[in-house]
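The values are calculated or read from the model by the stated rules, or taken from the named source; none is laboratory data. The model shown is predicted, which means the values in this text are computed figures rather than measured ones. Reconstructed Cβ throughout: ideal geometry from the backbone, glycine too, with neighbour counts over all protein chains shown. Protein only, heavy atoms only, side chains kept; ligands, DNA and RNA dropped before computing areas. Shrake-Rupley method; radii C 1.70, N 1.55, O 1.52, S 1.80 Å.
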Amino acid sequence: MDARTDLRDLKATVEALDRGEATSTDLVRASLDRIDESQPHLNAFRVVRRTTALDEAREADRRRANGERLPLLGVPIAIKDDTDIVGETTMFGCAGTFAPKDTDAEVVRRLRAAGAVIVGKTHSPELGQWPLTGGDAFGHTRSAWSRDHTPGGSSGGSAAAVAAGLVPAALGSDGAGSVRIPASWSNLVGIKPQRGRISMWPDAESFNGLTTHGPLARTVADAALLLDVVSGNHPGDRHACAPLTVSDAVGRDPGRLNIALSLKIPFTATPTSLDARVRTRIAALAAVLRDLGHEVTLADPDYGMTFGLTFLPRSMAGIEDWLYRLPDPSLADVRTRANARTGRFLRGYPLRAARAVEPRLHRRVGRIFDRFDVVLAPTTATPPLPVTAIDGIGGWATDKVITGACPYAWPWNVLGWPAINVPAGFTEERLPVGAQLLGPANSEPLLVSLASQLESVLRWHEHTPERWW
């Protein structure tokens with residue numbers, strides 16, 4: 001890979017532009033060419049904005065030549081296809097004939113204000129429901145690490161694009177682990193920020209408060225930079241946070257922390273267990289934390305038996321909301337339509353009750369932070385799934401597959417608190433797995449500081465996939 005067009009590091013890309021060692025036009029063209037070359041194999045992108053992105057790159061070079069500097073001026077970035085950008089459709093993994101959008105989402109407006117060049121929109125499973133990225137509308141997105149395995153979901157297209165070096169960083173969204181799961185299965189850093197840290201506008205909230213945008217990148221510094229760029233609120237937001245500069249915590253000593261190692265699986269309706277291969281990698285990560293001077297103790301948050309019942313109404317009602325935005329809901333997967341019917345049934349009192357109980361859940365789960373600073377948990381219960389793991393099966397069978405693989409991430413979406421996936425190494429089959437660092441409300445700086453300290457030892461960004469695409 002030409003050093004002048006190396007797209008594997010966001011901060012290094014910005015610095016190369018600042019020093020005049022690369023032009024935006026060259027970087028964006030390199031990104032677009034790699035997307036085109038990989039697309040028949042990885043299938044990471046639904047929309048590629050070749051003409052528009054190159055025009056924007058040339059304009060970025062002109063602005064730089066005139067002395068302008070912005071955090072991401074001229075840098076190629078990808079966004080997930082649940083996010084509106086002017087002139088493109090937002091299909092969110094669905095089939096049908098969609099109208100192009102005439103307004104940018106607030107997060108896109110912020111990317112543009114920072115000077116980013118959005119090269120395309122990445123694939124998601126239908127309405128972001130599953131931790132695999134595939135569907136009848138576009139086929140399968142495949143992992144940069146293995147052609148036979150999924151990069152995860154629902155932000156799988158963004159994860160595949162970053163892991164393959166097509167873009168230096170990308171945005172995803174996380175409603176039940178949809179940033180953290182693909183980060184785990186793609187050897188990336190993925191941040192689910194505090195609810196309200198990033199605006200979801202044009203929606204006042206997304207999936208009844210479960211979902212937030214979040215960055216995917218190879219390093220903590222890159223993910224923190226992208227998070228800082230897109231953070232902030234719109235006047236119509238239901239949730240808002242005080243401004244916070246997360247990048248300041250990169251490289252900062254977190255101090256000696258008390259860390260709870262939690263392997264207990266939160267309540268699920270189907271039998272689940274932690275794969276021994278994942279358990280081994282989490283134990284090794286805990287040992288690294290002890291070597292760094294932290295106290296690591298086995299302890300679990302008190303989720304309680306009813307915690308999962310607060311997730312279901314919010315997620316299913318959110319699916320129903322999205323289904324009826326589609327130009328032709330009848331084209332949706334039969335499992336999507338079944339989930340939407342469940343959402344219609346749960347929309348009234350169950351949804352109101354699920355939302356009303358959240359403060360009580362904050363208090364109950366939050367008691368663990370009276371004794372510990374951070375919770376360390378697996379991000380997933382298994383290594384990456386085969387790309388075909390849920391193809392052609394019914395709704396109950398699908399639920400068993402996805403809850404068996406990914407039972408750990410969703411509670412922090414109910415709580416709305418920050419979480420970061422950090423790479424935890426590889427199985428003997430050379431498949432990536434990850435771990436979550438979980439914190440209380442507004443704890444992104446602490447989590448970023450700890451993740452950065454781990455990265456300085458584990459150097460996960462130096463491990464890159466062997467190119468097969």
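Building the convex hull from the alpha-carbon atoms of the chain and averaging its projection over directions returns 19.8 nm².
Which stretch or stretches of region 414-435 have amide N atoms under 20 Å from the point lying 7 Å from Tyr349's Cα along the Cα→Cβ direction? Zone members listed by number: none at all. About the centre of its Cα atoms, region 299-351 shows a dipole size close to 260 debye [charges on the beta carbon of Lys, Arg (+1) and Asp, Glu (-1) only; nearest 20 debye]. The slack in the chain from Asp253 to Leu309, taken as 0.36 nm per residue of separation less the alpha-carbon distance, amounts to 16.3 nm.
For region 394-424, the residues whose amide N sits under 14 Å from a probe point set 7 Å from the Cα of Val357 along the beta carbon direction are 411, 414-415.
If you place +1 on the Cβ of every Lys and Arg, -1 on the Cβ of every Asp and Glu, and leave all else neutral, what size is the dipole of the chain about its Cα centre, to the nearest 20 Debye? Before the final figure, lay out the partial values.
On the way: 53 positive and 53 negative charges, 197 e Å.
With only Lys, Arg, Asp and Glu charged at Cβ, the dipole is about 940 debye.
Rolling a 1.4 angstrom probe over the protein heavy atoms with all chains in place gives the chain an accessible area of 37 Å² per residue. Per-residue Karplus couplings for region 198-211, computed as 6.51 cos²θ - 1.76 cosθ + 1.60 with θ equal to phi - 60°, are listed in order as 10, 5, 9, 4, x, 9, 4, 7, 10, 6, 6, x, 6, 9 Hz, Gly and Pro entered as x. Carbon and sulfur together cover what percent of the accessible area of region 10-462 at a 1.4 Å probe radius? Ligands and nucleic acids excluded, carbon and sulfur reach 52 percent. DSSP beta bridges fully contained in the chain are about 65 percent antiparallel. Treating each Cα of region 163-301 as one equal point scatterer and applying the Debye formula with no solvent, the log10 of I(q)/I(0) at q = 0.09, 0.11, 0.13, 0.19 Å⁻¹ comes out as -0.34, -0.52, -0.73, -1.31.
Given the rule -39500 (n - 2.57) for each run of at least 4 DSSP H residues, summed and divided by the residues of the chain, what is its mean residue ellipticity at 222 nm, to the nearest 500 deg cm²/dmol? Write out the running numbers ahead of the final one.
Details: 15 runs with 166 residues, N = 469.
One gets -10500 deg cm²/dmol as the mean residue ellipticity at 222 nm.
For the pair Leu292 and Tyr324, label points projected 7 Å from Cα toward Cβ lie 4.7 nm apart. Total lysine pairs in the chain at Cα distances under 21 Å, for residues eight or more apart or on different chains: 9.
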